[in-house]
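Below: the structure, in structure tokens.
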Amino acid sequence: MKVWLRYQREALNRAVKRLRQAPFAALISVLVIGMALALPVGLYLTLLNLHSIAGRINAEPQISVFLTLDSGPADIQTFEAALKGNRSVARYQFISKDQALMEMRDATGLGDALDTLDKNPLPHAFVVRAKTNTPEALEALRNDLSQLPKAEFVQLDSAWAKRLAAFNSAGEKIVLILAVALGSALLAVIGNTIRLQILMQREEIEVGRLIGATDNYVRRPYLYFGALQGLLGGIIAMALAVAALFWLSDNISELIQIYAPGFRPQAVSWQTSTVIVAAAALLGWLGAYASVSMYLRQLTTAPR
Amino acid sequence: MISFSNVSKRYSNGFEALKSISLEVQEGELVVLTGHSGAGKSTLLKLAAGIEYATSGNVVVAGQSLSRMQPQALAMLRRNIGLIFQDHKLLFDRNVFDNAALPLSISGYSPADVGRRVRAALDKVGLLDREKANPIQLSGGEQQRLCIARAIVNRPSILIADEPSGNLDAEYAITIMDMFKSFNQVGVTVLISTHDEALAARYNPRRLHLDKGQLVQETAV
């Protein structure tokens, strides 16, 4: 165990020494890795926030029934009785015209303009949830409700919430594709950096093997080197993505408030940050492993 | 300790460097391979060190057949063999101490052990006062001595040296050969190649003469 730890420490020291030996080249590599990773990381963080918005907005289809402006308490009772008797209705909520005006005042900030009106222009409304949410069942219920007396306008308004859910789903796939594509690019960048390192250290590797170095001994410092580059690249990617989101957050927040009032963009948790940086380090390790293994295989199978 | 049974070696370009060689080197023996350039001395030593593989026949070192050996096992075997190359194979990006310390780092020795053993090895070859120098600052003879220090620092049971005195003047060549003789006197098996028959004869070792890849003459002690 002591010897194993000594090997690890020595390999890590050698990796750090190599980074220090060519700081400019190392910085360029790390920046390239960081920028390549920043895009999927940024998109991922955006999606996390979109998920959160989607969670606040009920994606369950709802049917809004607006009554005629002259509807009185008796009409409302009659309409409610009809809803209770409809087997397709799961539940409903009544929103009085006064309540609707108050919500509109709060949500839009048009209080002054609304105050100038002589009377409340909004109708009483019912928000109805169906037992079955298939498009056919919803359409049938919408037709039923529109036939009821005093029903002025019936709106099936789940479309945009569905679009957001669909956008989230597509976004996840885009992030996955980008992560795979740019992760492969990262593997190539690190693999190439390691290949150059190997060319520079070829003599040391060959002499080392002649005097008893195992493949693991040869490989180890390069694995640390690749992992360190991935780690630093991951940190840069996180910093770039968080900075970009922070910069855009004011503009985005204004837009989001319309759909999800009170929503605050999510800060990136330390767990998420750790996972992303660790994944970048792992990719660096894998790139280094592939590159060194290829070289060692060439050494072993070279014509004698 | 080292055994060749009907060993032949043909390179990929078709050149047959060794033709059906059979020989035995006993533990603690000093054996000198002689022969002209191209006789097959270096190839034979490379086969003994597992640097090259035989095209046919079997090479056994310290009881292990090299032809069937896995890379990991070969690496472990090499830690028990001190190799001295004609071109030294020193690393010029590190100083004398670090060059000599390389086999110990590979074997996982502690820094304290590395320091003690490296200084002992450098002292043995007369380079203790040059430990901080870069190998490029050393003369050819000193570089050869550093190569010997690196070979003995792991206290191997076998030393294999390819023309260790090849590029040195006569006086230095004798100094180097004296070192091998002294290692042999403490029980190390030594296998050396040289084209200098007179130098080999001076130490009265068992001599194997190679010519065109064949073992043509053996001179017993």
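Kindly provide the set of residues from the stretch A:100-149 that are of a type in the set (D, E, K, R), in a loop (DSSP other than H, G, I, E, B) and within 32 Å of the chain's Cα centre (by Cα), ordered by number. Working first, answer last.
Going through the stretch A:100-149, the residues of a type in the set (D, E, K, R) turn out to be A:103, A:105-106, A:112, A:115, A:118-119, A:129, A:131, A:136, A:139, A:142, A:144.
This time we only want the ones that are in a loop (DSSP other than H, G, I, E, B), so: A:118-119, A:131.
Answer for the stretch A:100-149, where residues must be of a type in the set (D, E, K, R), in a loop (DSSP other than H, G, I, E, B) and within 32 Å of the chain's Cα centre (by Cα): just A:K131.
Just for the stretch B:100-121: of the residues that are of a type in the set (G, A, S) and facing another protein chain (nearest Cβ under 9 Å), which one is surrounded by the fewest Cβ atoms within 10 Å (Cβ to Cβ)? Write out each step before concluding.
Our first condition is that a residue be of a type in the set (G, A, S); within the stretch B:100-121, this holds for B:100-101, B:105, B:107-108, B:110, B:112, B:115, B:120-121.
Those still in the list that are facing another protein chain (nearest Cβ under 9 Å) too: B:105, B:107-108, B:110.
Details: B:S105: 18, B:S107: 19, B:G108: 16, B:S110: 12.
Ranking the candidates gives B:S110 first.
Go through (1) within 14 Å of chain A (Cβ to nearest Cβ); (2) surrounded by fewer than 18 Cβ atoms within 10 Å (Cβ to Cβ) one by one and return the number of the condition B:A133 breaks.
(1) is the only condition that B:A133 fails.
Consider A:P61 carefully, then state whether it is more than 30 Å from A:A244 (Cα to Cα), in contact (Cβ under 8 Å) with a residue 60 or more places away in the chain, more than 14 Å from chain B (Cβ to nearest Cβ) and not hydrophobic (A, V, I, L, M, F, W, C). So that I can check it myself, show each step before the final result.
Details: more than 30 Å from A:A244 (Cα to Cα): yes; in contact (Cβ under 8 Å) with a residue 60 or more places away in the chain: yes; more than 14 Å from chain B (Cβ to nearest Cβ): yes; not hydrophobic (A, V, I, L, M, F, W, C): yes.
The answer is yes for A:P61.
Select from the stretch B:27-55 the residues that are loosely packed, with under 14 Cβ neighbours inside 10 Å and under 18 Å from B:S193 (Cβ atoms) and list them in ascending order.
Passing the criteria: B:H36, B:S37.
If we keep just the residues of the stretch B:120-157 that are charged (D, E, K, R) and under 21 Å from the mean Cα position of the chain (by Cα), which is nearest to B:G187 (Cα to Cα)?
First, the residues of the stretch B:120-157 that are charged (D, E, K, R): B:123-124, B:129-132, B:142, B:145, B:150, B:155.
Still in the list and also under 21 Å from the mean Cα position of the chain (by Cα): B:123-124, B:142, B:145, B:150, B:155.
Values: B:D123: 20, B:K124: 16, B:E142: 25, B:R145: 20, B:R150: 18, B:R155: 11 Å.
The qualifying residue nearest to B:G187 (Cα to Cα) is B:R155.
Being away from chain A (no Cβ under 12 Å), assigned to a strand (DSSP E or B), over 11 Å from B:D211 (Cα atoms) and in contact (Cβ under 8 Å) with a residue 40 or more places away in the chain: is that true of B:S42 here? Quick ask: steps written out before the conclusion?
Numbers: away from chain A (no Cβ under 12 Å): yes; assigned to a strand (DSSP E or B): no; over 11 Å from B:D211 (Cα atoms): yes; in contact (Cβ under 8 Å) with a residue 40 or more places away in the chain: yes.
In short, no.
Please find, among A:E172, A:E152, the residue that is over 25 Å from A:R9 (Cβ atoms), assigned to a helix (DSSP H, G or I), among the acidic types (D, E) and in contact (Cβ under 8 Å) with a residue 12 or more places away in the chain. Steps first, answer last, please.
Values: A:E152 fails: assigned to a helix (DSSP H, G or I).
A:E172 is the lone residue from the list that is over 25 Å from A:R9 (Cβ atoms), assigned to a helix (DSSP H, G or I), among the acidic types (D, E) and in contact (Cβ under 8 Å) with a residue 12 or more places away in the chain.
Kindly check whether there is at least one residue in the stretch A:78-85 that is in contact with a helix residue (DSSP H, G or I) (Cβ under 9 Å, 6 or more places away or on another chain), modelled with pLDDT of 90 or more, outside the structural domain of A:A278 (by TED's automatic domain parsing) and not in a helix (DSSP H, G or I).
So far as the stretch A:78-85 goes, no, none of its residues is in contact with a helix residue (DSSP H, G or I) (Cβ under 9 Å, 6 or more places away or on another chain), modelled with pLDDT of 90 or more, outside the structural domain of A:A278 (by TED's automatic domain parsing) and not in a helix (DSSP H, G or I).
Run down A:V154, A:V175, A:V180 and say which single residue is on the phi < 0 side of the Ramachandran plot and loosely packed, with under 14 Cβ neighbours inside 10 Å.
Details: A:V154 fails: loosely packed, with under 14 Cβ neighbours inside 10 Å; A:V175 fails: loosely packed, with under 14 Cβ neighbours inside 10 Å.
Of the residues listed, the single one that is on the phi < 0 side of the Ramachandran plot and loosely packed, with under 14 Cβ neighbours inside 10 Å is A:V180.
Would you confirm whether or not the stretch A:133-140 contains a residue that is out of contact with any strand residue (DSSP E or B) (no Cβ under 8 Å at 6 or more places or on another chain), within 30 Å of A:L47 (Cβ to Cβ) and not β-branched (V, I, T)? Full working, then the answer.
The initial filter retains those residues of the stretch A:133-140 that are out of contact with any strand residue (DSSP E or B) (no Cβ under 8 Å at 6 or more places or on another chain), namely A:133-136, A:140.
Going one step further and asking which of them are within 30 Å of A:L47 (Cβ to Cβ), we end up with A:133-135.
Cutting the leftovers down to not β-branched (V, I, T) gives us A:133, A:135.
Within the stretch A:133-140, one or more residues are out of contact with any strand residue (DSSP E or B) (no Cβ under 8 Å at 6 or more places or on another chain), within 30 Å of A:L47 (Cβ to Cβ) and not β-branched (V, I, T).
Would it be correct to say that A:L210 is modelled with pLDDT of 85 or more and within 14 Å of chain B (Cβ to nearest Cβ)?
Working: modelled with pLDDT of 85 or more: yes; within 14 Å of chain B (Cβ to nearest Cβ): yes.
Here the answer is yes, as A:L210 does meet what is asked.
Identify, by number, the condition in (1) of a type in the set (G, A, S); (2) surrounded by 20 or more Cβ atoms within 10 Å (Cβ to Cβ); (3) within 24 Å of B:V188 (Cα to Cα); (4) more than 8 Å from chain A (Cβ to nearest Cβ) that B:S65 doesn't meet.
(2)
If I go through the stretch B:201-221 residue by residue, how many of them are touching a strand residue (DSSP E or B) at 6+ places or on another chain (Cβ under 8 Å) and over 16 Å from B:S42 (Cβ atoms)?
Matching residues across the stretch B:201-221 total 11.
Could you tell me which residue of the stretch B:80-99 is surrounded by the most Cβ atoms within 10 Å (Cβ to Cβ), considering only residues that are more than 10 Å from chain A (Cβ to nearest Cβ) and assigned to a helix (DSSP H, G or I)?
The extreme case among them is B:V96.
The values are calculated or read from the model by the stated rules, or taken from the named source; none is laboratory data. This structure is a prediction, so every number in the text was calculated from the model and none was measured. Here Cβ is always computed from backbone atoms with ideal geometry, including for glycine, and neighbour counts include all displayed protein chains.
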